[in-house]
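See below for the structure under consideration.
The values are calculated or read from the model by the stated rules, or taken from the named source; none is laboratory data. Since the model is a prediction, treat every value here as computed from it, not as a measurement. Cβ coordinates were reconstructed from backbone atoms using ideal geometry, including for glycine residues, and neighbour counts include every protein chain displayed. Please note that ligands, DNA and RNA were not included when accessible areas were found on the heavy atoms of the full protein model with its side chains. Shrake-Rupley method; radii C 1.70, N 1.55, O 1.52, S 1.80 Å.
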Amino acid sequence: MATFEQIKGFIFDLDGVIADTSVYHAQAWRQLAEKLGVTWTDDLADALKGVSRMDSLELILKAGGKEAAYTQAEKEVFATEKNTNYLNLLKGMDHSAILPGIAEFLTDLKANGYRLSLASASKNSPLVLEQLDLAQYFQARVDPTTLKKGKPDPEIFARGAEVLGLKPEECIGVEDAKAGVASINGAGETSVAIGDATILKAADIIFADTAQLTLANIKKAMA
Ligand code: BG6
Ligand code: MG
C-alpha cells in the first residue's frame with residue numbers, strides 16, 4: 001500500500017458511495033427481472049453493483065437461465081425500460097440521498113487540495129451529481145461510454161487517475177462494489193471499500209459505512 005503522504009487524489013464511485021442510488025438501481029432492475037420471470041435474490045443484487053447497464057442485464061438473464069432467450073434488439077428495449085424505471089425513481093431524489101458524512105468529506109478533501117475524479121459506470125452520473133449539487137467538487141469524470149471494458153477491469157480507475165494527471169500510486173479509489181474494488185486494485189491504486197467486509201475483503205481499507213470515511217481514519221489505516 002502507498003503511504004498517506006503519497007496521496008494527491010481521490011477517485012470516487014458514485015452509486016452507493018456518494019449517493020444512496022444503489023437502492024434505486026436495484027429496485028428498477030428487480031421490476032424488470034420479475035417481469036421476465038427471473039427470481040430476485042440478495043446475491044444477484046450484490047453481483048450487479050458497479051456493473052454496466054448491458055452487463056447487468058446479461059447477469060440477470062443468466063441468473064434466470066434465459067441468456068439465449070432474447071435478441072439483441074429485445075435486450076436493448078429491456079435496458080431502456082430499466083433506465084426509464086430508474087429515472088422515474090430519481091425524480092423523487094433530494095439532498096437526503098447524499099450518504100452520511102460525504103458532503104463533509106468532499107469539503108475536507110477540497111480544502112486540503114486533493115484532486116477528485118469520478119469513476120462511475122453510470123451514464124446517469126452527471127444528472128445525479130447535478131441534482132445533489134455535488135458536481136463542483138470534481139475536476140474530472142471518466143465517461144463510461146469511452147471504455148473498452150467495465151468494472152472489474154482496471155480501465156475505469158486507471159483513467160480516473162490519468163484525467164487528474166496523477167500516477168496510480170498517488171490515488172485512492174473509493175468503492176462499495178466487489179467489481180469496483182477489483183478495478184482499483186488492478187489499476188495499482190489504494191482501495192477503500194464501503195460496506196460488508198466479507199464481500200469486500202480484497203480492499204486495502206474497509207469501512208462499514210460512509211460516516212467512517214474521513215481523512216483521519218484513512219491516515220490511521222495507512223500508517
Ligand atoms: C453503476 C451502478 O454505478 O452504474 C450499477 O452500481 C449500474 O447498478 C451502472 O447498472 C450503470 O448505470 P446506468 O445509469 O448507466 O444504467
Ligand atoms: Mg457503487
task = Could you order peptides 206-212, 158-164 by the average number of other Cβ atoms within 10 Å of their residues, highest first?
result = 158-164, 206-212
key: P(r), alpha carbons of the range 22-90 - 5 Å bins starting at zero, rounded %   = 3, 18, 34, 28, 14, 3, 0
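Please give the peptides 2-11, 24-33, 195-204 ranked by average Cβ packing (other Cβ atoms within 10 Å per residue), highest first, as a rough proxy for protection. The partial results should precede the final answer.
Values: 2-11: 18.4, 24-33: 20.5, 195-204: 15.8.
Final packing ranking: 24-33, 2-11, 195-204.
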ask   = So what's the net charge close to residue 213: Lys and Arg +1, Asp and Glu -1, counting the other residues with Cβ under 13 Å from its Cβ?
value = -4
remark   = For residue 127, the accessible surface traced by a 1.4 Å probe with all protein chains present amounts, in square angstrom to the nearest 10, to 80 Å²
ask   = What's the local net charge at residue 25, with K and R +1, D and E -1, over the other residues with C-beta under 10 Å away?
value = +3
key: Under 5 Å, built H, 5+ apart or other chain: amide partners of residue 115   = 9, 10
message = Can you compute 3J(HN,Hα) from phi for each residue in the range 123-130, using the Karplus curve 6.51 cos²θ - 1.76 cosθ + 1.60 with θ = phi - 60°, rounded to whole Hz and x for Gly and Pro?
response = 6, 8, 4, x, 4, 5, 4, 5
note = Semi-axes (Å, rounded, descending) of the ellipsoid equivalent to the chain per its C-alpha gyration tensor are 30, 18, 16
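Could you report the range 54-140's accessible area per residue, 1.4 Å probe, as an integer in Å²?
Value for the range 54-140: 50 Å² per residue.
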ask   = Across the range 187-197, in residue order, what do the Karplus-derived ³J(HN,Hα) couplings come to in whole Hz, using 6.51 cos²θ - 1.76 cosθ + 1.60 with θ = phi - 60° and x for Gly and Pro?
value = 7, x, 9, 7, 9, 10, 10, 10, x, 6, 4
